[in-house]
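First comes the structure, then the notes that go with it.
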């Protein structure tokens, strides 16, 4: 085989990929994975030769189903893109047995990988910031709700839980914080504004 055909960029790669969907209800899992595979089949950088779907299995409160795809991908760049785009749980390369890459091709591959990882890192940091902001505002809202409820009437813990709609276990931390801040007080198991 000519050397250029062994180079990862130019070579077609045959592989088996396993893609799994986890969720509920059961019917959604069945249709979601079929829709996902249809989307993969439209990708011009690969050809799906065969697909083998598993049965849907119950896993606790969720359902899972996987599909094994036998496919040909056009070059290592597209294979890496496939992995980032479709997130297979495993990938086995069946052909070719070995690759020949120039140092520029390997550097390009590593730089592309790094760029994608930096992008994922940026998204994770952005989502963490948004999540922290939402948690902070949610906590303030819950504490304000407790104060509003107690401004209307003094309540015991069960009444406060019922009035706020927050389970007693989750409510305890907020009540403790408000007592610590001396915003509310507790006398004979009855809460009121301080």
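What to note about this one:
- Scanning segment 173-194 for residues that are touching a residue at least 12 places away in the same chain (Cβ under 8 Å) and at negative phi returns 174, 175, 177, 178, 183, 184, 190, 191, 192, 193, 194.
- Within segment 81-106, the set of residues being surrounded by fewer than 16 Cβ atoms within 10 Å (Cβ to Cβ) and part of a loop (DSSP other than H, G, I, E, B) comprises 87, 89, 96, 97, 98, 99, 102.
- Residue 78 outside any strand (DSSP E or B), buried (at least 17 other Cβ atoms within 10 Å of the Cβ), at pLDDT below 90 and out of contact with any strand residue (DSSP E or B) (no Cβ under 6 Å at 6 or more places or on another chain): yes
- Among all residues of segment 107-125, there is none that is modelled with pLDDT under 90, part of a loop (DSSP other than H, G, I, E, B) and touching a helix residue (DSSP H, G or I) at 6+ places or on another chain (Cβ under 9 Å).
- The set of residues from segment 37-75 being closer than 17 Å to residue 91 by Cα, under 20 Å from the mean Cα position of the chain (by Cα) and either at pLDDT below 90 or assigned to a strand (DSSP E or B) (or both) comprises 65, 66, 67.
- First in segment 54-73 and not assigned by TED's automatic domain parsing to the domain that holds residue 18, second anywhere and assigned to a strand (DSSP E or B) and loosely packed, with under 13 Cβ neighbours inside 10 Å, Cβ under 8 Å, 6 or more apart: none
The values are calculated or read from the model by the stated rules, or taken from the named source; none is laboratory data. Predicted model only: the values in this text are computed from it and were never measured. For neighbour counting, all protein chains shown are included, and Cβ atoms are generated from backbone atoms with ideal geometry for every residue, glycine included.
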